[in-house]
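The structure appears right after this line, and notes come after that.
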Amino acid sequence: MARTQPPKRPRLLLQGVGAVVALAVAVGVPTYDRYLKFKDIQPELRTHTVEAGQEITFEHVTWKVAYGTMEAPAGSKHNTPDKQWLKIDITRKAVDKDGTQLTGQPKALLKDRAGRAWQLETLEDKAPVDGHVVGESYVMTKVAVVPSAVAKEVELELRPSFYRSDTPTKDLMKPTTEDDNDVLRFRR
């Protein structure tokens with residue numbers, strides 16, 4: 001009696017599944033390893049909380065924030081009852097000579113209690129591009145559109161810039177020793 005060979009289809013299927021698993025492992029393991037390294041080098045943010053209406057002096061500059069609302073500009077697609085336009089006045093004042101040179105734009109976000117964030121746009125900035133005057137206040141007005149439900153609870157998170165207007169051009173791209181892990185959170 002002649003022996004018949006088993007069909008090759010199950011073997012091919014098993015080899016195909018093995019190849020897919022090997023590929024997933026070959027791609028997944030290095031990716032996961034890089035993620036773990038990246039996660040470990042991300043520094044933790046230091047949050048400095050500022051009570052409503054108060055100011056904070058941080059790295060040679062005093063900061064103060066005032067919250068307000070505004071009417072939607074004419075023709076805006078965000079002129080609906082479920083959205084609120086906010087106007088935030090950010091006041092900065094140099095407290096010494098070093099503070100007059102710290103003229104970089106801070107990073108600013110609005111955040112609610114759930115951690116959702118909204119971008120702000122600059123409406124007006126009265127600060128000069130070059131050095132500031134010690135003790136003189138400069139106001140930057142920013143606007144944002146947020147859901148009406150959270151309009152009274154969103155708070156500004158500000159990350160001051162360490163850019164100095166007296167930095168020589170050749171040194172602009174060099175790494176600095178300052179970190180930007182400090183966040184100023186202004187309460188409502």
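The values are calculated or read from the model by the stated rules, or taken from the named source; none is laboratory data. Source: prediction; values computed, not measured. All Cβ positions, glycine included, derive from the backbone under ideal geometry; neighbour counts span all protein chains shown. Side chains included, ligands, DNA and RNA excluded: accessible areas come from the protein's heavy atoms. Shrake-Rupley method; radii C 1.70, N 1.55, O 1.52, S 1.80 Å.
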### Query
Of Pro168, Pro160, Pro128, which has the largest mean-square fluctuation in a 10 Å C-alpha GNM of the chain?
Pro168
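Expressed as a fraction of 2.2 N^0.38 Å, the rule-of-thumb size for a compact globular protein of N residues, what is the C-alpha radius of gyration of region 97-188? Show your work: numbers first, answer last.
Working: Rg = 15.5 Å, N = 92, 2.2 N^0.38 = 12.3 Å.
Ratio of Rg to 2.2 N^0.38 Å for region 97-188: 1.26.
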#### Entry: region 103-168: trypsin sites (Lys or Arg not before Pro) in DSSP loop, at most 13 other beta carbons within 10 Å
Arg113, Arg116, Lys126, Lys152
### Task
Report ³J(HN,Hα) in whole Hz for each residue of region 76-91, in order, from the Karplus equation J = 6.51 cos²θ - 1.76 cosθ + 1.60 where θ = phi - 60°; Gly and Pro get x.
6, 6, 9, 9, 10, x, 7, 10, 10, 8, 10, 10, 10, 9, 10, 9
### Query
Using the Cα gyration tensor of region 35-96, with a ≥ b ≥ c the square roots of its eigenvalues, what is the shape: rounded (a/c below 1.5), prolate (a/b larger than b/c) or oblate (neither)?
oblate
### Query
Between Ala26, Ala52, Ala151, which gets the highest mean-square fluctuation from a Gaussian network model of the chain, Cα cutoff 10 Å?
Ala26
### Task
Specify, per residue and in Å³, the volume enclosed by the convex hull of the alpha carbon atoms belonging to region 9-126.
240
#### Entry: Relative contact order (%) - criterion: Cα under 8 Å, at least six apart; region: region 45-188
31
### Query
Rounded to the nearest 20 Debye, what is the dipole magnitude of the chain about its Cα centre when Lys and Arg each give +1 and Asp and Glu each give -1 at the C-beta?
1520
### Message
Between helix 9-41 and the chain, what is the angle of the helix's C-alpha long axis to the longest principal axis, kept within 0 to 90° and rounded to the nearest 10?
### Response
20
### Query
Can you tell me the accessible area per residue over region 11-145, all protein chains present, probe 1.4 angstrom, in square angstrom?
67
### Query
So what is the 222 nm mean residue ellipticity for the chain from helices alone, if each DSSP H run of at least 4 adds -39500 (n - 2.57) and you divide by all residues, rounding to the nearest 500 deg cm²/dmol?
-7000 deg cm²/dmol
### Task
Assign unit charges at the C-beta atoms only (+1 for Lys and Arg, -1 for Asp and Glu), then state the dipole size of region 85-188 relative to its Cα centre in Debye, rounded to the nearest 20.
400
